[in-house]
Amino acid sequence: MLYLPIAILFLFSINSNTFLSFPLQGLTLNWYEKLLESDALLRSARNSLMVALCSSLAATVLGTMTSLLMLRYQFRSKSLLVAMAVLPLIVPYIVLAVALLLLFAVLGIDRSLWTVGIAHTVVALPYVLLIVGSRLAGFDANLEEAAMDLGADYPTTLRRIVLPMIAPAMVSALLTAFTVSFDEFALALFLAGTHPTFPVYLYGQLRFASRLPIMIALAVLMMIGTLALVLIAERVRRVE
């Protein structure tokens, strides 16, 4: 049920006919070639890459810091922090999009790629917490205590001991956050303003029947890229 529609989508992406029906009229790579001829498409792809890169970096840094705070320190409002950090996994994206749209409107902040980046950082943060937190949970805290007993202060211990040990998990979290941001649609639709991201542009082009094969080819490339990033992230996560 998951892979059969993807296989059918790939077949239609190399179909020479613009009508989505069987039997196929012939095989062609023309639709993939036309992808590179659209300036608007390339701009939207560049927008998504910029937003995904910035938001994944921000989410990885904030998520790693939050994971260290939750797993290495004891404080009264710890459970509240955990609940707030994972809340974006529970709240529907469409609800979060409306809430952030109202918030930015009240604050007088115009919709742009920056507002999309902030929203994507929020929704990617729980994924970073789960990935980095699971690595920290299996990391022997006695190694940190041993380093400090030998004279290292805590920042040096973090830099020389903790960060190298959790680096694979951080890279995996970064790739996962990048994938989440690049593929996200609802938040970008509400917050992008006049600068659409890749999924928003793809959705807008579905209204034109003549461009549907090009959008199908584009969707195939997006699925391949997303699958590759997920596989790389999982491979890196398993590195000890």
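The values are calculated or read from the model by the stated rules, or taken from the named source; none is laboratory data. The shown structure was predicted, so the numbers you read here are calculated from the model rather than taken from an experiment. So basically every Cβ, Gly included, is an ideal-geometry build from the backbone, and we count neighbours across all protein chains shown. These accessible areas exclude ligands, DNA and RNA; they are computed on the full protein's heavy atoms, side chains included. Shrake-Rupley method; radii C 1.70, N 1.55, O 1.52, S 1.80 Å.
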### Query
Got a number for residues in the range 205-229 being in contact with a helix residue (DSSP H, G or I) (Cβ under 8 Å, 6 or more places away or on another chain), in a loop (DSSP other than H, G, I, E, B) and not aliphatic (A, V, I, L, M)?
0
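To keep it simple, each residue is scored yes or no on (1) in contact with a strand residue (DSSP E or B) (Cβ under 6 Å, 6 or more places away or on another chain); (2) open to solvent by less than 20 Å² (accessible area, probe 1.4 Å); (3) over 18 Å from M50 (Cα atoms).
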| site | (1), (2), (3) |
| --- | --- |
| I161 | no, no, yes |
| I166 | no, yes, yes |
| A169 | no, yes, yes |
| L174 | no, no, no |
| T179 | no, yes, no |
| V200 | no, no, no |
| I214 | no, yes, yes |
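What tally of residues in the range 181-194 results from selecting those that are buried (at least 18 other Cβ atoms within 10 Å of the Cβ), of a type outside the set (D, E, K, R) and not in a helix (DSSP H, G or I)? First the steps, then the outcome.
Applying the first criterion (buried (at least 18 other Cβ atoms within 10 Å of the Cβ)) to the range 181-194 yields 181-184, 186-192.
This time we only want the ones that are of a type outside the set (D, E, K, R), so: 181-182, 186-192.
Now drop any that are not not in a helix (DSSP H, G or I), which leaves 192.
Qualifying residue count, the range 181-194: 1.
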### Task
Could you tell me which of the residues S79, S44, S48 is open to solvent by 80 Å² or more (accessible area, probe 1.4 Å) and among the small types (G, A, S)?
S79
### Task
Give the residue that is farthest from V180 (Cα to Cα), with candidates limited to residues of the range 84-94 that are free of Cβ contacts under 8 Å to residues at least 40 places away in the same chain and either surrounded by 11 or more Cβ atoms within 10 Å (Cβ to Cβ) or among the acidic types (D, E) (or both).
M84
### Query
If you take the residues in the range 70-128 that are outside any helix (DSSP H, G or I) and β-branched (V, I, T), which one is nearest to F139 (Cα to Cα)?
I90
### Task
Determine, yes or no, whether F75 is of a type in the set (F, W, Y), more than 23 Å from M222 (Cβ to Cβ) and at pLDDT 90 or above.
no
